[in-house]
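Here is the structure we will look at.
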Amino acid sequence: MTQPPSSSQPSGPLSPQHGFPAQGGMPSPGAPGPYGGASAAVKKPSKAPKILIILGSVILALSVIIGVVLAVIGIGGIAGDLSELEEFSGGSGTISADAGETYQIYAEEGAQSPTCTVDGPAVGAGTSQSSSIGDGETNWVSIDSFTAEEAGEYSIDCSDGPIAVGPPVSIGGVFAGVGGVLLAIGGGALGFLLLAIGVILLIVRKRKA
């Protein structure tokens with residue numbers, strides 16, 4: 001009898017080399033997923049919370065430290081000016097001045113400004129700066145000023161007292177003191193806000209995870 005022609009196709013399941021994986025087999029590496037797309041990459045968590053925490057901590061620390069230092073320097077300068085203030089309850093007195101030093105004559109705040117005269121080796125023009133200073137009991141405001149162009153004794157005679165004589169208040173000290181306080185408050189608040197936002201974002205992310 002004539003034998004039927006043998007089939008050239010293998011009887012078993014097709015191998016991957018023939019285009020189709022065996023039943024139940026795994027797709028080759030890099031092959032599309034079962035729904036036609038590549039497998040999704042794992043999304044890395046954002047670094048924003050940690051960056052905010054670090055940035056907020058740095059701003060908070062630097063603002064408070066620098067602000068306190070500036071405030072101390074400024075207040076120290078004003079306190080130094082106050083320590084050089086000489087008070088004369090009767091309205092007249094004598095001070096010892098170095099050459100080139102500028103002095104202001106102060107009267108009590110709210111009192112009528114007295115008329116004053118200054119006598120000494122060489123009395124020069126003073127400063128146009130207005131100063132105000134307090135010693136805890138009395139607030140003094142400047143009413144006149146002069147410069148000792150030569151070293152020596154200078155007498156101040158005012159029509160009414162009490163008065164005080166001393167150097168002008170340091171403008172740099174005032175700005176340093178005020179600026180230090182503002183920096184400590186403003187910069188500290190900004191740093192704390194950034195720090196708080198970073199902590200909140202980190203807590204929310206952990207709860208979602």
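Where a number appears in this text, it was derived from the coordinates with a stated rule and is not lab data. Computed from a predicted structure; not experimentally measured. Note that we place each Cβ from the backbone using ideal geometry, even for glycine, and neighbour counts take in every protein chain shown.
Would you mind ranking Leu193, Leu85 by Cβ crowding within 10 Å, fewest neighbours first?
Neighbour counts put them in this order, fewest first: Leu193, Leu85.
Starting from the Cα of Ser113, step 7 Å along the direction of its Cβ; do the same at Lys50; then give the gap between the two resulting points in nm.
According to this spin-label approximation, the distance is 6.4 nm.
Quick one: give the max-minus-min coordinate of the C-alpha atoms of region 64-209 along each principal axis, largest first, in Å.
83, 31, 21
May I ask you to work out the translational diffusion coefficient for region 44-115 at 37 °C, viscosity 0.692 mPa s, via Stokes-Einstein with Rh from the Kirkwood sum over Cα pairs, reported in whole µm²/s?
188 µm²/s
Compute the FRET efficiency between Leu201 and Ser57 as 1/(1 + (r/R0)^6), taking r as their Cβ-Cβ distance and R0 = 22 Å, and round to the nearest 0.05. Please report the intermediate quantities before stating the final value.
Details: r = 15 Å, r/R0 = 0.67.
Computed FRET efficiency for Leu201 and Ser57: 0.90.
What distance in nm separates the simple spin-label points at Leu190 and Ile171, each placed 7 Å from Cα in the Cβ direction?
In this crude spin-label approximation the distance works out to 2.6 nm.
Looking at the calculated P(r) for region 85-166, what percent of the C-alpha pair distances fall above 22 Å?
Cα-Cα pairs of region 85-166 separated by over 22 Å account for 17 percent.
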